[in-house]
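Taken together, the values in this text are just the output of simple stated rules run on the coordinates, not laboratory data. The model shown is predicted, which means the values in this text are computed figures rather than measured ones. Every residue, glycine as well, gets a Cβ built from its backbone with ideal geometry; the counts of neighbours run over all protein chains shown.
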Amino acid sequence: MLNLASSPYEYRVTLNSHKSIGSQKYHNIDTLPIFQNASLVLRIEDLEKLRAGDQARADEAISSRDVQIRELRKRIDSALRDYEDLMGVKTALDLEILTYRKMLEGEETRFAKLKNCPAFKCKIELNDGFK
C-alpha cells in the first residue's frame, strides 16, 4: 500500500511499476502450467485492483492539493490587495502630515518674525494690562 503522505510523483512511479509487473506476468503466462497460470491470473487481478485503488487515492490527493493551492492563491491575492490599500492610505497620510508640518513651520517662522516687530510688543503689553 502507498503512504498518502508521499508526493504525487511517487504515486505515479508506484503505479507505473504495478503496470509493468502486470504486463510481465501476462507475457509469461503461456509458458507456465495451468495451476500456476490460474494463481498468477488471480494475482494479476489483485495487483490491478491495488493499482486502481492507488490511482484513485493519488488522484484524490492531487485534487485535494490543487484545491489547497487555489485557496492559498486566493488568500495571497486578498492579502496583496489589502496591503496595496494600506500602502495607499499610508502614502496619503504621510503627505498630509508633511503638509501640516510645513504649515506649522511657516506659522512658527511668521510668529518669530512678529515677536521681533516693535508694534507686536506694544500690542502684547497692552493686552497684558487688561486681563
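Some observations on this one:
- Distance (nanometres) between label positions extended 7 Å along Cα→Cβ at Glu71 and Phe111: 5.8 nm
- Local charge for Ser78 was computed over the other residues whose Cβ lies under 12 Å away, with Lys and Arg +1 and Asp and Glu -1, and equals -1.
- Applying 0.36 nm per residue to the separation of Asp59 and Thr91 and subtracting their alpha-carbon distance, the gain on full extension is 6.8 nm.
- Volume per residue for the range 57-105 equals 35 cubic angstrom (convex hull of Cα atoms).
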